[in-house]
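Below is one structure; the comments refer to it alone.
Computed from the coordinates by the stated procedures, all read-outs in this text should not be read as laboratory data. Every value quoted in this text rests on a predicted model; they were computed, and no experiment measured them. So basically every Cβ, Gly included, is an ideal-geometry build from the backbone, and we count neighbours across all protein chains shown.
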Amino acid sequence: MGTIRFREVVKTYPGKQPVVALDRVNLDIGEGEFVALLGPSGCGKSTLLNLIAGFEEMTSGALSFNGGTVDSPGPERAVVFQEAALLPWLTVEQNIAFGPSVQKRPRAEYEPKIRELLRLVGLERFAHSLPSQLSGGMRQRVGIARALVMDPKALLMDEPFGALDAQTRMSMQQLLLDVWQSLGTTVLFVTHDIDEAILLADRICIMSARPGRITREITVDLPRPRSVDQLTDPAFIRHKAAIMAEMREAQKEHA
Amino acid sequence: MNDAPARALDAAPVPAAPKVKSRGLFPAGRTGAAMRAALLPVLVIAAWQLAGSGGSLAGGVLPTPDRVWDAWVVWAFGPQGMGLNPYSGTWLSNVLFSSMRVAQGFVLAMAIGIPAGVLIGWSRAVSGTVDPTIQLLRPIPITAWLPFSIAVFGIQDMGAIFLIALGGFYPIVVNATHGARDVDRNWIRAAEMMGASRFDVLRRVVLPAALPAIFTGLRIGLGIAWTAVIVSEMVAVKSGLGYVLWDAYYVGRMDVVIADMLSIGAMGLLSDRLIVTVEHWALRWRRLQSASR
Ligand SMILES: Nc1ncnc2c1ncn2[C@@H]1O[C@H](COP(=O)(O)OP(=O)(O)OP(=O)(O)O)[C@@H](O)[C@H]1O
Ligand SMILES: [Mg+2]
């Protein structure tokens, strides 16, 4: 189970000039669904994700995960950060083991799993390297392995590939597609890259800024399993054209 | 998945060093660097010797380097218990007296300063309760605590150890506080989302993240600890390098005074190197990091 539900959620950052980051947001994400959150910088994408992650508290509204309230971060809602946010003094293996070890799970149970995950993300040879010895793409793969080792019910990803070069980015997108297609976890994926949103998601929620709202929801009905080769398919291009038109439309309405 | 590991050499291309070119006076490499470093001390000692042999140094009060050396040799290796020279053969025991006091006081400073600083930086409640008091007491120089310390502990070791611990405590606690306060927010969030309790976060994220700042505090604190031991031995204890320093001055043994000063400097340097060695070991991950950035 991994359902996410926002009802009229408002988030205001207090201060001299309070910022209304989210204004009455409604969003339903079903079990095993892959939803991309697409929007310009500053529209509140991270805020939305941080609310469901339990990092921030909403100002008003109702927010639930699997029908229960969200009041703190937890391993059933694993987060993948933009800059990976690995602990620099721990090796790759120790970073991945951090979750199971603070949860006091038996080592015999998680060690084989870590080996398996290292293979899945192609980092077996780097198990004992420090994060600083890895490239950005490799660090992000550790970030994904660190999330997956906890068997999360939902994966919350905040522009996880935003800082990577185009080529590495594509290989990471393919990796994520492969992993998700075999696991079927619920995913909330923040991005401002239209191609990335179409390639990965079942559904794209388009956000606009000031106030931050979800203005459009678009279902992507490209067949699965998908791969990065589809980026140039006519069907893909058609989707992209439609989404860009929708985004222009949304922008006009909110201008 | 074709991204290669970022290696130090790829990340920061260094211009190739010219092969065997000397830089100015000195040959390239380690020998040259050592010669360069030794130049100034050698010149100062030579000038001091020359000026002194004319008898003109501060009206003949300051001894020349060779006499300082002779005094140190007697102080270090001379026979003990000869009435004429009370210092003869006592160098090592005095060095040990001072070092033991520094070690005891400094361990105390660390044992209180590190946990206190990390807790203050980590918890707003602890910070609000403890920090104002520390900030209030901190401007009182340790020298101003001398009469207090003598009154409370008398002329004995505890007084010196109290001053050393107090002097070392402030920089340790202040730096540990900063280190624990400036932890990358995403490290803490990542740990929490992986199921870490508040205590796990403290022990497994905040403490290691604060270590670089803690070591900075330790090095500053150690310098102050040596200041404190000398001051308190001059006034409040009857042994150690500080006691000999003041005593030798009173009986006009400036050769011993200078040998003593240099001994204090050497011990300070040695103990600092000790901390740097531990720091290098404890922060291995950080050296790799700076090499690849
Ligand atoms: N801690 C905070 N305090 C005050 N204002 C904040 C805080 N965090 C975010 N904001 C404001 O809330 C708004 C939404 O921010 P948010 O980080 O959610 O945007 P975003 O869509 O993730 O942007 P980006 O694509 O640049 O990451 C912005 O106007 C931002 O300045
Ligand atoms: Mg953001």
Worksheet item: For B:Phe26 and B:Ala47, FRET efficiency with R0 = 30 Å and r from the beta-carbon atoms, rounded to 0.05?
Response: 0.90
Item to complete: Rounded to the nearest 10 degrees, what's the angle between the helix A:92-102 long axis and the longest principal axis of chain A, both from Cα atoms, 0 to 90?
Response: 80
Worksheet item: Is any helix in chain B, taking whole DSSP H runs, at least 27 angstrom long along its axis by alpha carbon and on average at least 0.0 on the Kyte-Doolittle scale, and which ones?
Response: B:30-53, B:91-122, B:157-181, B:207-235, B:254-282
Practice prompt. Enter the Cα centre distance for the pair the range B:151-207 and the range A:104-133, rounded to the nearest angstrom.
Written response: 32
Practice prompt. Quick one: Debye curve from the alpha-carbon atoms of the range B:146-199 only, equal weights, vacuum; give me log10 I(q)/I(0) at q = 0.13, 0.17, 0.24 Å⁻¹ to two decimals.
Written response: -0.55, -0.65, -0.90
Worksheet entry | Per-residue [θ]222 nm for chain B (sum of -39500 (n - 2.57) over DSSP H runs n ≥ 4, rounded to 500) | -24000 deg cm²/dmol
Discussion item. Over the Cα atoms of the range B:103-237, what radius of gyration and what Dmax do you get, in Å?
Written reply: 16.8, 56
Practice prompt. Treat the count of other C-beta atoms within 10 Å as a stand-in for reagent exposure and order A:Val9, A:Val187 from fewest to most.
Written response: A:Val9, A:Val187
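Using a ≥ b ≥ c from the Cα gyration tensor of chain B (square roots of the eigenvalues), is it rounded, prolate or oblate, where a/c under 1.5 gives rounded and otherwise the larger of a/b and b/c decides, a/b for prolate?
Taking the square roots of the gyration eigenvalues as a ≥ b ≥ c, chain B is oblate.
Computed over the Cα atoms of the range A:84-151, what is the ratio Rg over Rh, Rh following Kirkwood?
Looking at the range A:84-151, the ratio lands at 0.92.
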Worksheet entry | Using a Förster distance of 60 Å, the FRET efficiency for B:Leu40-B:Ser197 (Cβ separation, nearest 0.05) | 0.60
Practice prompt. Let me have the 222 nm mean residue ellipticity of chain A computed from DSSP H runs of 4+ only, each contributing -39500 (n - 2.57), with the sum over all residues rounded to the nearest 500.
Written response: -11500 deg cm²/dmol
Fill in: Partner chain coverage, peptide A:76-84 - average Cβ within 10 angstrom
3
Fill in: Distance violations [Cα-Cα > 30 Å] among A:Lys11/A:Lys153; A:Lys45/A:Lys153; A:Lys16/A:Lys45; A:Lys11/A:Lys104; A:Lys11/A:Lys113
A:Lys11/A:Lys104; A:Lys11/A:Lys113
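Report, as an integer, the average count of C-beta atoms from other chains found within 10 Å of each Cβ along A:92-100.
Across the residues of A:92-100, the mean count of other-chain Cβ atoms within 10 Å is 2.
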Item to complete: For chain A, calculate the relative contact order in percent as a whole number, restricting contacts to Cα pairs under 8 Å that are 6 or more residues apart.
Response: 26
Item to complete: Please give the contour-minus-distance gain from A:Glu111 to A:Ser41: 0.36 nm per residue of separation, less the Cα-Cα distance, rounded to one decimal in nm.
Response: 21.3 nm
Practice prompt. Any chance you could tell me what percent of the C-alpha pair distances in the protein assembly as shown go past 35 Å?
Written response: 55
Discussion item. Below 8 Å, C-alpha to C-alpha, sequence gap of six or more: please give me the relative contact order for the range A:84-151 in percent.
Written reply: 54
Worksheet entry | Radius ratio Rg over Rh of chain A, counting only Cα atoms, Kirkwood formula for Rh | 0.97
Worksheet item: Using the Kirkwood radius built from alpha carbon pairs, what does the Stokes-Einstein equation give as D for the range A:1-153 at 20 °C and 1.002 mPa s, in µm² per second?
Response: 125
Fill in: Qualifying GluC sites (Glu not before Pro) for the range A:147-255 [loop in DSSP, other Cβ within 10 Å: at most 15]
none
Discussion item. At 0.36 nm per residue, and after removing the present C-alpha to C-alpha distance, how many nm does the segment from B:Arg219 to B:Tyr250 gain when stretched out fully?
Written reply: 7.9 nm
